[in-house]
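None of the figures in this text is laboratory data; all of them are computed from the coordinates on show. Bear in mind the structure is a predicted one, so any value in this text is a computation, not a measurement. As a convention, Cβ positions derive from the backbone with ideal geometry for all residues, glycine included, and neighbour counts pool all protein chains shown.
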Amino acid sequence: MWRHSSACPSRPYATPSSVDVTAAKLKPYSRYKDSGVEWLGAVPAHWEVRRLRTIAEMRVSSVDKHSREGERPVRLCNYVDVYKAGRIRTGMRLMVATAASEEIEKFRLRAGDVLITKDSEAWNDIGVPALVEGATDDTICGYHLALLRPLSDCVSGGFLFRAAQSSAVAYQFHVRANGVTRYGLTHNGIKSAWFSVPPPAEQAAIVRFLDHIDRRIRRYIRAKEKLIALLEEQKQASIHEAVTGRIDVRTERPYSSYKNAGVEWLAEMPEHWEAIRFSRLIGEGPKNGISPRAVEDGTVRSFAISAIRDGVVDVHEADVKMVALDPGIRRGVYGLVADDILLVRGNGNLRLVGRAGLVDRAMEEWVYPDLLMRVRLTRTALPRFVVAVLNSGVVRSQIEAVAHTAVGTFKVNGEDVRGLWLPVPHLDEQRHISQYIKERLAALAMAAEVARRGIQLVTDYRTRLFADVVTGKLDVRDVAAGLPEIDPLAMDDKLDGVNATGDGSDSEGEIIGSDREDCGTPARDRRDDPEEPDGRA
C-alpha cells in the first residue's frame, strides 16, 4: 500500500527529460515537522494538519435524475460531469431535472465549491474531485456526489481541489471505501480525511503553480493523443490502399492499368484482380460459437470478444473465462486452429460488428463465444490477407449496410458474411500485400507506443509532483511568483472528456515541468450526517 515518505526531498526535484527547468528549480522548505499522519509524512513546520470536517462543510446530495410534477426545474451536475470534466463552469451542458425548493437551497452550487465522487463500481474511482468555477442559480449537486464547501478563513476552493486530487488524499478515500461490487464512502469516511493546510498566501501560490503545470501537461497529452489518432488513421489508409489495389505494394505506386470492379462498394481495381463473393473463399463456416455458463471450477477456457484486437485473436488474461460444457457438446467442435478467422457477429457498437481477427496459434481445447463466428478458408486465399480486407473500409461499408438491430444490438448472420464482396489478387500478390501491411503497421504501432509512453511518463510525473507540492515536500512560492498571469477560464479550450487531472498539449514549448478548533464550523443539518452528531472529531 502506498505511503508518503516521511522525509522531505534532499536534492533538486527530478523531472522527465522533456520537462522545462521551472519544476526542476523546486526545493524543500527549510524546516519540517512530523504530521503524525502516515499518508502525509513530514510537513513544513508552519503548516497545519487538519481533518476535512474542520476546513469544509460537507453535504451529500439526494437529488436524482428524475423530473416530478410540482418541483422546480434545475440543471443537475452528475457523477459523469465531475469524473470527466474536473471543472464545473457556467456554460457546461448539464442534465435538466427537477428538485424541491429546499433541495435547491441545500445543494445549489457556488463558485469555489468542490464536488467529489462518493460511490462507484471501482474503488479507485472514489473521491475524484471537480472544482466549481462558476454555476447558475439553478445548478445543483446530483446523486452519488458529495459537495464540499470550503470554510473561507481556512482553505480556498482551488487548494482543496488540488489537495483532493493528490494521491496523498485520494488514497485515504480509496482505503475508506466500503463494498464488494459497488463501493461507497460514508459521511465519516469523507470528513475524517487528513489534509495538510498551508497559510492562505501559500495556498494561492500552490494553486497558481499547479494550474500552470497542469495546463502545460494537459496540452502536451492532447498533442500526443492527436498524434496517436493520426497514426491510427494512417494505419487504416495504408491497409485500404494495399487491399483495394490503389497502390502496388512492391513499388508503392499505382498499377499500370485499372478496370471497373462492377460492384457498388469498389469503383475500380487493378486489371488482373477479381471482385468475388466471400463465399467463394470459404471452406467451412461461418459457424457461430457458444457461450456456456462461466463457473469457478470450469474445465474449459473461453474468452471475451474483446480478444479480437488489431486483426488478430489476442487473448489477454482479463479476457479468459472458465466455462462448463453441457454433456452433449463434444470438446473440440468449437476449438480453434492456426489460420482460423473469427468475426464479431453482434455488438451494441455498429463499428465493432464484423471486426475480424486471425487465430495465429492452436486453441483446440478452447471454445469461442456465441457473438463470434468462425470461418475456415480454402487454399485460394491467404487468411492474413483476407482479415486485412475484412477490416478495411471497403468491407466495413458493406457490413454496416447489412447489419440489423434488435434490442439495441447490431448483428450480421452467416448469409450476410458469405455475401460480402472482396477484391482479390493472385496468391503471390496476397503474400506481398500481407507482408507490406505487417511491416507498415509495425512501424506505425511503434510510433504510437512511443507517444503512449510519453503520456504515461508525464502522467506519473504529474501525480508525484502534485502530491509533493500539496503536502509541502516542495516549496513553490518563489517559482509561482514569477509565473505569468493566466485567466482560469482560458486554461483549457476543451474540458469535455478530461478527468480531474486532465489532458492536453502545449504549442508554447515542452512540458515544464491534529484537528484545530480556531475555524468556525457552520451549523449542519443532522440529516446530512446521520452517522455522527454535529461537531468536530
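Couple of notes before you dig in:
- Equivalent ellipsoid dimensions for segment 274-424 as semi-axes, Å, which come from the Cα gyration tensor, largest first: 25, 17, 13
- Loop-resident GluC sites (Glu not before Pro) (DSSP state other than H, G, I, E or B) in segment 111-205 with no more than 15 further Cβ atoms inside 10 Å of their Cβ: GLU121.
- The magnitude of the dipole of the chain, with charges of +1 and -1 set on the Cβ of Lys/Arg and Asp/Glu and taken from the Cα centre, is near 620 debye.
- The GluC sites (Glu not before Pro) of segment 261-331 that meet both conditions, a loop assignment by DSSP and at most 16 other Cβ atoms within 10 Å of the site Cβ, are GLU264, GLU271, GLU296.
- Per-residue ellipticity at 222 nm, computed for the chain from helices alone with -39500 (n - 2.57) per DSSP H run of at least four residues, works out to -9500 deg cm²/dmol.
- Net charge contributed by nearby residues that have their C-beta within less than 14 Å of ALA403 (K/R +1, D/E -1): +2
- Footprinting exposure proxy for THR378, THR459, THR98 (fewest neighbouring C-beta atoms within 10 Å first): THR378, THR459, THR98
- Dimensionless Rg over Rh [the chain; C-alpha; Kirkwood]: 1.06
- Charge tally around ASP138: other residues with Cβ under 9 Å, Lys/Arg +1 each, Asp/Glu -1 each, net +2.
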